[in-house]
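Enquirer: Take this structure first; my questions come after.
The values are calculated or read from the model by the stated rules, or taken from the named source; none is laboratory data. Bear in mind that the values here come from a model prediction, so they are computed numbers and not experimental data. Reconstructed Cβ throughout: ideal geometry from the backbone, glycine too, with neighbour counts over all protein chains shown. For accessibility, only protein heavy atoms count, side chains too; no ligands or nucleic acids. Shrake-Rupley method; radii C 1.70, N 1.55, O 1.52, S 1.80 Å.
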4 protein chains.
Amino acid sequence: MSLRNFTTVAERQVFLSGKLHKDLSNISKTLIDPERDIHCENLIGAISLPLGVAGPISLKLKKTSQLHYVPLATTEGALVASVNRGAKAINLEGGADVFAYKTGATRGPVFFTGSINHGVILADWIKNHHKDLKKIIESTSSHIVLKKADIKIVGQYVFVRFQCDTDQAMGMNMVTIAVTKAVEFITKKTGYDCLAVAGNYDIDKKPAWLNMIRSRGFEVCADVALSKKTLKTVLKTTREKLFDTWLAKCMIGSAMSGSLGFNAHYANIVSAFFAATGQDIAHTVEGSIGITTMHQNKNGSLTVSVYLPSVMIGVVGGGTKLKTQSEARSITNTKTSEELARVLGGAVLAGELSLLASLAEGSLAKAHKNLGR
Amino acid sequence: MSLRNFTTVAERQVFLSGKLHKDLSNISKTLIDPERDIHCENLIGAISLPLGVAGPISLKLKKTSQLHYVPLATTEGALVASVNRGAKAINLEGGADVFAYKTGATRGPVFFTGSINHGVILADWIKNHHKDLKKIIESTSSHIVLKKADIKIVGQYVFVRFQCDTDQAMGMNMVTIAVTKAVEFITKKTGYDCLAVAGNYDIDKKPAWLNMIRSRGFEVCADVALSKKTLKTVLKTTREKLFDTWLAKCMIGSAMSGSLGFNAHYANIVSAFFAATGQDIAHTVEGSIGITTMHQNKNGSLTVSVYLPSVMIGVVGGGTKLKTQSEARSITNTKTSEELARVLGGAVLAGELSLLASLAEGSLAKAHKNLGR
Amino acid sequence: MSLRNFTTVAERQVFLSGKLHKDLSNISKTLIDPERDIHCENLIGAISLPLGVAGPISLKLKKTSQLHYVPLATTEGALVASVNRGAKAINLEGGADVFAYKTGATRGPVFFTGSINHGVILADWIKNHHKDLKKIIESTSSHIVLKKADIKIVGQYVFVRFQCDTDQAMGMNMVTIAVTKAVEFITKKTGYDCLAVAGNYDIDKKPAWLNMIRSRGFEVCADVALSKKTLKTVLKTTREKLFDTWLAKCMIGSAMSGSLGFNAHYANIVSAFFAATGQDIAHTVEGSIGITTMHQNKNGSLTVSVYLPSVMIGVVGGGTKLKTQSEARSITNTKTSEELARVLGGAVLAGELSLLASLAEGSLAKAHKNLGR
Amino acid sequence: MSLRNFTTVAERQVFLSGKLHKDLSNISKTLIDPERDIHCENLIGAISLPLGVAGPISLKLKKTSQLHYVPLATTEGALVASVNRGAKAINLEGGADVFAYKTGATRGPVFFTGSINHGVILADWIKNHHKDLKKIIESTSSHIVLKKADIKIVGQYVFVRFQCDTDQAMGMNMVTIAVTKAVEFITKKTGYDCLAVAGNYDIDKKPAWLNMIRSRGFEVCADVALSKKTLKTVLKTTREKLFDTWLAKCMIGSAMSGSLGFNAHYANIVSAFFAATGQDIAHTVEGSIGITTMHQNKNGSLTVSVYLPSVMIGVVGGGTKLKTQSEARSITNTKTSEELARVLGGAVLAGELSLLASLAEGSLAKAHKNLGR
């Protein structure tokens, strides 16, 4: 007998509970969506992930600004408080400037050609049939648009990075289905085999410079100029200390470590925000890369910025429609994936401000001691 | 009025719900732990993250083997099914060999010395006071042991990577508190300022070569030799196809992308397992790095291995004690953090087998279409 | 008195020789170009770098093939012999296929804007004035053509990567002068300061993923299919051994080391060829990155390829016009920088074949013992 | 008839000259060492590489300081002048502090074990036989000492990074011969095959994080504090401009590019110094990695430092004994490889100062225009 033999959540729970002599009652209690809405096989219930709320945080766009609450699902003490403090600092300055540019979802199939000569033939064919491929890809969904196809010939292989606008969805499923169709067409017409529709030239859920350099999902950046007063009253530090800490940690320390993350803790905010709003938490990997910068301005203020080149986020599809995730997203005051990406950008900026200020003042351990255990 | 003004979850819900005119009732329903057990500020409830179970998977250690269920909290269709299929293949071969070596948690403070000359003085001082530092660090908890302190002088800075055994806890809080004490001692005795107790030479929650090369948390590796029969009947492919797909995707494709992840999708399994068992999901970043290898043996079988140099995992502390997380962990048939790391290693191996087989057979999109939307 | 006080090579030699009581007579003897042709300040003579010749190597282009000698200036025993052996293997197969695509020289100024808002303004301005910038750049030389300008906004900065075709020159001086003019125009018109005309977003003479992913100079690739016979008689190994050695070393070993070079020893051939033909030897850095691949074909042969994404090479300018360098280049049977890049590509392929074969057969140390000391 | 048929340089010249109808007379003229002293096959003469001299530069060690001339073989205009200007600035401050720590040469064989289980066995065996391996390695030369053997098990492979002190030689040949003996012993005693004595876990002549993190050859660092006066009179800039340029270029720009070189142009000085002093110029690759840092001190001065983690340099072996190379080294006022590494460190610091100052003042193109063409 195996889990596969059962057709309902209840049956699986009874089976597993009985077999292992373990109480799984809480797991069952916390499942609130009907099984048919959930894409998770051998479902036995749900994990209850604590949800805190930071903010509201004020984000500026053009001449206006809006307030956004930031839902964060986490078990790490001090994280919500940290974003909250950063938001307070940002709000005192009238809000942060945040930009989110859609690069789009990517899928990178790899073809086997056997030689560079053949690689050149295939690459030329793909370039020459861009319109056909666009048509095929866009025929798979009314929500997908092919934006670009980057081609690399290396040895016996040809890699193509299809980059698509997937509308309001994060879009990995959509782009996989679409690119599979494109691959079938290429294979049929040219005779070259596709070794994998996902050939790591996407590159998905692995830290990689390609996503820093070419971006993936959304390219998000945000900044704020902090006055001495805000630095002192909210962040309890000075701009010199904050700057020195940033430079030592985020730049020199990251360089010494061979990191793609020149930041303090993007991954904390990204993972908690992704879990809260129904994103794929494995995309925390891409979200952790990026660069925080600081500059001491002549007027005495300190400008702090964040740069996230690869934010995979959406407001439809995946886990976004589940009840709690949907409720959590509802408090963000956003409608589109772009807007949601902007809120994340602001929250990440807030998180950087607060953690770096804590580090500068030597209060990290204290915060963790008080809030974290 | 702000969230900070309220002291209970219920009050915050009412406030936020009323203010934003949003129904947050499901979020409130899914919170099952008492607030005092949860380290998340401005708590308003919980996210319900679907929990599936893969396995059991058979893992070998020395002469014996044991069966372990694999809890996976995810909203991605096909993930549990994928690990399940890989587990079936592994079990048919009598189980996978899995090893988990504890490197320990690391914290890397950065000191400002102003010159290399002074850097050399500080570095020497730290080396000469290793025993004192060990004593101080180990005085902060009966669970912590200082294993190593790597020192780097660069320009005006000295970075130290303290590496500690934190017993059954993942240990970041423990090591932060301990290293803060060590830093206070160093600062007091030498007069050199610490710019940040966490100077990114740990390096925490950022993708970085330092963790690949020096490891962090657990170094986990696993392998299995698959017979032609298992490849055919369970994975529906041949060893030649699987090998070619792996080589093109995990090695060449990852090299072309500048990746630290030479694998198919470690992050999927790591993030779902971490979420299920109460780990810090931001550590998915470290868990996503590593190398999958394959070798075609003379006897016709195919050996497949995974290598995860940086698995941050524990069985006490953080979210591990929450009810659903604790229940989920209870089905893994493990007691120690090392055992839990081994189960993750086996699950990651299973996930690699199945996804790479799907890719080799061109069935990824189909699986996603059937299970994923 | 300092070297600056003298105006001729002879005077400087006498001064330095006398002051340090050192014999520098050989250095003076080996200087054969008139000082006015040499761009090296405080000139005291020349280093005599031994020059060996490998080949000829047969390279195919379309339906024809040509023979090329390969001049290599080196002090490392076994290097010329190694390329020679590889060339022999290549020739037995009728020559290697080699392709060289010109990406062009790049220069990446960095502007300070102070905020992302201003960064967006500057970026838009640059995009909207592409034609003007093209005109300015192309006015500085009849040999330069602006191909592309990639723009990145990060925090308080805007980076632009100007990519230019510099005709038959490697072109760094040409592109620096041209981009300086473009920068002056941008600065004057927009008021934003340029912090550095070379802002490491080129990126020049530093190992970097940007040059792997976007290429620089020439993108060169080459391959050859080796029969069992050639493997046995020339390379003294089997295809299984060669493949296994390549996989373990160039792929797994390089991945474990966090390398941008997934190859055996590109740098050896690149540096020796650059020194011989008057290139800038510091560009060995870019030339060392790249990927060697192998594939075992159904017909029993083994295809081996090299991929060099960033070859900075030219046939005019720099040291190319010096007498010995010019003579050395004259034996390569090439006229253009593209042809010279192709010869290098073939030589690198030859070098990979031979060294990997030596390693596979455990004969590296022997070769070094016999030829190297 | 091929080059191999001839036994003297003269014969080869005549053959090649005649066959290709090219004048190679200058190449023949510039060869001044007897062929038996040169390790370069198919020798036809020598390349004449212009040699300039920068300095003298003042380097401090403990309480004393010494003056060192810096020989640079280059065809790049402005390079010698640039190091010269930097040296002048350094000298005005009483010299630079420079440190060189010997990590030693490394060679990283890769063994095939077929499984992790066997990998563990081999790794344990190597650890347990460290003394035997040390004895074997040290039996191959009176100049070699085994310092360390780092072992990594990954999948079917075991990588070992042997790290040796090779006395006054750069030592790659020495360590290759020694490790080959060690490998023979391991293979014979354990039965596990070595796939390559150089398995890219050294890692040699490829840019790689392993060499940044664990160092290779010498770890060299240098710094100097520049007064406002020196900045103004010699470097023609201010500390604010220099700092801003450094931060934008060497830190942010390099981070954006995915670089291992957080510096301005280490490779220029390393390659020219290596060519001048008989080093292996392919090691420019390792020499190009590293970090330049700056700090604005309270007293108005600016401290600038360089950090080169991987300098492969020696005073015996390779090309060091050739006549011109030996003469060039004779002017550096050094006896040991450590001293020579220190001079390089000082020269690199000088080069960074000058180029960054030029960039800060927008005078790079002008310098290249005047000195470079």
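Enquirer: Where the only charges are on Cβ atoms (+1 Lys, Arg; -1 Asp, Glu), what is the dipole of the protein assembly as shown about its Cα centre, to the nearest 20 debye? Don't jump to the answer; show the numbers that get you there.
Expert: Values: 176 positive and 120 negative charges, 0 e Å.
Around 0 debye, computed over the protein assembly as shown.
Enquirer: Enumerate the amide H contacts of B:D193 below 5 Å, restricted to partners 5 or more residues apart or on another chain; note that Pro and chain-start residues carry no placed amide H.
Expert: Placed amide hydrogens put B:F112 under 5 Å from B:D193.
Enquirer: Report, as a whole number in µm² per second, the diffusion coefficient that Stokes-Einstein gives for region A:38-89 at 10 °C and 1.306 mPa s using the Kirkwood radius over alpha carbon pairs.
Expert: For these conditions, the coefficient is 120 µm²/s.
Enquirer: Now for a separate question. In nanometres, what is the gap between the two model label sites at D:S142 and B:K127, each 7 Å from Cα along Cα-to-Cβ?
Expert: Each label point is offset 7 Å from its Cα along the Cβ direction, giving 2.9 nm.
Enquirer: Express in Å², to the nearest 10, the accessible area of A:E338 obtained by rolling a 1.4 Å probe over the protein heavy atoms while all chains stay in place.
Expert: Its accessible surface works out to 90 Å², give or take rounding.
Enquirer: I need the phi-derived Karplus couplings for region C:106-111: 6.51 cos²θ - 1.76 cosθ + 1.60, θ = phi - 60°, integer Hz, Gly and Pro marked x.
Expert: Values, residue by residue: 10, 9, x, x, 10, 9 Hz.
Enquirer: Go from 0 up to the bin containing the longest alpha carbon distance in region C:109-196, width 10 Å each, and give me the % of pairs per bin.
Expert: Using 10 Å bins, I get a P(r) of 19, 52, 25, 5, 0 for region C:109-196.
Enquirer: Specify, per residue and in Å³, the volume enclosed by the convex hull of the alpha carbon atoms belonging to the protein assembly as shown.
Expert: 156
Enquirer: Compute the label-point distances linking A:T238 to its equivalents in the other copies; points lie 7 Å from Cα along Cα→Cβ; give nm, one decimal, shortest first.
Expert: 2.1, 7.2, 7.2
Enquirer: Place the label 7 angstrom along Cα→C-beta at A:M1 and in each other copy, then list the distances from the first to the rest in nm, shortest first.
Expert: 5.3, 9.0, 10.2
Enquirer: Heavy-atom accessible area per residue, region A:109-196, 1.4 Å probe: how many Å²?
Expert: Numbers: 3390 Å² over 88 residues.
Ligands and nucleic acids excluded, the figure is 39 Å² per residue.
Enquirer: Using only protein heavy atoms and a 1.4 Å probe, how much accessible area in total is buried between A and C, to the nearest 100 Å²? Don't jump to the answer; show the numbers that get you there.
Expert: Details: alone 18030 and 18040 Å², together 33460 Å².
Result for this pair: about 2600 Å² buried.
Enquirer: Can you tell me the 0 to 90 degree angle between the C-alpha axis of helix D:9-20 and the longest principal axis of chain D, rounded to 10?
Expert: 80
Enquirer: List the distances, in nm and shortest first, from the label point of B:K62 to the matching label points in every other copy, placing each point 7 Å from Cα along the Cα-to-Cβ direction.
Expert: 5.5, 7.1, 7.1
Enquirer: Relative to the compact globular guide of 2.2 N^0.38 Å, what is the alpha carbon radius of gyration of region A:187-252, as a ratio? Before the final figure, lay out the partial values.
Expert: Working: Rg = 22.0 Å, N = 66, 2.2 N^0.38 = 10.8 Å.
Cα-based Rg divided by the globular estimate yields 2.03.
Enquirer: Related question: So what J values fall out for region B:358-363 if you push phi through Karplus, 6.51 cos²θ - 1.76 cosθ + 1.60 with θ = phi - 60°, rounded to Hz, Gly and Pro as x?
Expert: Values, residue by residue: 4, 5, 4, 9, x, 10 Hz.
Enquirer: Now for a different question. Rounded to a whole number, what is D in µm²/s for region C:209-311 from Stokes-Einstein with the Kirkwood radius over alpha-carbon pairs (4 °C, 1.567 mPa s)?
Expert: Details: Rh = 14.6 Å.
In µm²/s, the coefficient is 89.
Enquirer: Provide, as a two-decimal number, the C-alpha radius of gyration of region B:304-350 over 2.2 N^0.38 Å, N being how many residues it has. Kindly include the intermediate steps, with their values, before the conclusion.
Expert: Details: Rg = 11.4 Å, N = 47, 2.2 N^0.38 = 9.5 Å.
Against the empirical 2.2 N^0.38 Å value, I get 1.20 for region B:304-350.
Enquirer: Mind checking which chain B residue has its Cβ closest to the axis relating B to A, and how many whole Å off it is?
Expert: Checking which Cβ lies nearest the axis yields B:P207, 2.
Enquirer: With +1 on the Cβ of every Lys and Arg and -1 on the Cβ of every Asp and Glu, and nothing else charged, how large is the dipole of region B:109-196 about its Cα centre, in debye rounded to the nearest 20?
Expert: Details: 11 positive and 8 negative charges, 32 e Å.
So the dipole magnitude of region B:109-196 works out to roughly 160 debye.
Enquirer: At a 1.4 Å probe, what is the % contribution of carbon and sulfur to the accessible area of the protein assembly as shown?
Expert: Details: 23510 of 45460 Å².
About 52 percent, which is the carbon plus sulfur part of the accessible surface.
Enquirer: What base-10 log of the normalised intensity I(q)/I(0) is obtained for region B:258-345 from the Debye formula, alpha carbons as equal point scatterers, at q = 0.18, 0.19 Å⁻¹?
Expert: Listed by q, the Debye log ratios stand at -0.77, -0.83.
Enquirer: Which residue, chosen from C:V70, C:M212, C:A357, occupies the Cα position most advanced towards the positive end of the dipole of chain C, where the dipole is computed from +1 (Lys, Arg) and -1 (Asp, Glu) charges on Cβ about the Cα centre?
Expert: The Cα lying farthest towards the positive end belongs to C:A357.
Enquirer: Using a cut-off of 12 Å between beta-carbons, work out the net charge of the residues near A:N117 (Lys and Arg +1, Asp and Glu -1, A:N117 not included). Don't skip to the end; give the middle numbers.
Expert: Numbers: positive: C:K60, C:K62, C:K63; negative: A:D124, C:D97, C:D223.
After counting each charged neighbour, the total is 0.
Enquirer: Still on this structure, please answer the following. Please name whichever of B:F159, B:P109, B:A123 sits farthest to the positive end of the charge dipole of region B:109-196, dipole taken about the Cα centre and charges placed at Cβ: Lys and Arg +1, Asp and Glu -1.
Expert: Towards the positive end, the residue furthest out is B:A123.
Enquirer: I need the calculated FRET efficiency for the pair C:N297 and D:I151, taking r as the beta carbon distance and R₀ as 35 Å, to the nearest 0.05. Walk me through the numbers before you get to the answer.
Expert: Numbers: r = 35 Å, r/R0 = 1.01.
Working from the Cβ atoms, E equals 0.50.
Enquirer: Continuing with the same structure: Accessible surface of B:H68 in the full protein assembly, 1.4 angstrom probe, to the nearest 10 Å²?
Expert: Counting only protein heavy atoms, B:H68 exposes about 10 Å² to solvent.
Enquirer: With a 1.4 Å probe and every protein chain left in place, tell me how much accessible area C:R239 has, in Å² to the nearest 10.
Expert: About 40 Å², ignoring ligands and nucleic acids.
Enquirer: Working from Cα positions, state the angle (0 to 90°, nearest 10) between the long axis of helix D:79-92 and the longest principal axis of chain D.
Expert: 70
Enquirer: Test of understanding: express the Cα radius of gyration of region D:87-151 as a ratio to 2.2 N^0.38 Å, with N the residue count.
Expert: On the way: Rg = 20.1 Å, N = 65, 2.2 N^0.38 = 10.7 Å.
Rg over 2.2 N^0.38 Å, computed on Cα atoms: 1.87.
Enquirer: Take every Cα pair under 8 Å in chain D that's 6+ residues apart, average their separations, divide by the length, and report that relative contact order as a whole percent. Provide the component values of the computation, followed by the final result.
Expert: Details: 765 pairs, mean separation 78.8, N = 373.
Normalised by residue count, the contact order of chain D is 21 percent.
Enquirer: Give me the percent relative contact order of region A:109-196, please, defined on Cα pairs under 8 angstrom at least 6 residues apart. Numbers along the way, then the final one.
Expert: Details: 133 pairs, mean separation 35.8, N = 88.
In percent, rounded to a whole number, it is 41.
Enquirer: If you don't mind, another one. Using just the helices of chain A, give the 222 nm mean residue ellipticity in deg cm²/dmol: DSSP H runs with n ≥ 4 each add -39,500 (n - 2.57), and the total is spread over all residues, rounded to 500. Write down the numbers at each step before the final one.
Expert: Values: 15 runs with 154 residues, N = 373.
Theoretical 222 nm ellipticity from helices: -12000 deg cm²/dmol.
Enquirer: Where the Cα atoms of chain B are projected onto their three principal axes, how long is each span, largest first, in whole Å?
Expert: 67, 59, 40
Enquirer: Count, for each residue of B:267-278, the Cβ atoms from other chains sitting within 10 Å of its Cβ, then give me the mean as a whole number. Working shown, then result.
Expert: Details: counts 11, 6, 1, 5, 10, 5, 0, 3, 8, 3, 1, 3.
Mean partner-chain Cβ count within 10 Å for B:267-278: 5.
Enquirer: Can you give the charge dipole size of chain A about its Cα centre, rounded to the nearest 20 debye, using +1 on the beta carbon of Lys and Arg and -1 on the beta carbon of Asp and Glu? Walk me through the numbers on the way to the answer.
Expert: Numbers: 44 positive and 30 negative charges, 129 e Å.
Result for chain A is approximately 620 debye, rounded to the nearest 20.
Enquirer: For region B:18-153, with equal point scatterers placed on the C-alpha atoms only and solvent neglected, what are the log10 I(q)/I(0) values from the Debye formula at q = 0.12, 0.22 1/Å, to two decimals?
Expert: -0.92, -1.25
Enquirer: Based on the alpha carbons, how large is the Rg to Rh ratio for region C:218-276 when Rh follows Kirkwood? It would help to have the intermediate numbers written out before the result.
Expert: Numbers: Rg = 13.9 Å, Rh = 13.5 Å.
Reported Rg/Rh, Kirkwood definition of Rh: 1.03.
Enquirer: Compute the FRET efficiency between A:D37 and A:D165 as 1/(1 + (r/R0)^6), taking r as their Cβ-Cβ distance and R0 = 22 Å, and round to the nearest 0.05.
Expert: Numbers: r = 26 Å, r/R0 = 1.19.
It comes out at approximately 0.25.
Enquirer: Report the gain in length on full extension from C:T238 to C:F185: 0.36 nm times residue separation, minus Cα-Cα distance, nm rounded to one decimal. Working shown, then result.
Expert: On the way: separation 53, 0.36 × 53 = 19.08 nm, distance 6.02 nm.
Here the answer is 13.1 nm.
Enquirer: Same structure, new question: If the reach is capped at under 19 angstrom between alpha carbons, list the lysines near D:K22, excluding any in the same chain fewer than eight residues apart.
Expert: C:K321, C:K323, C:K335
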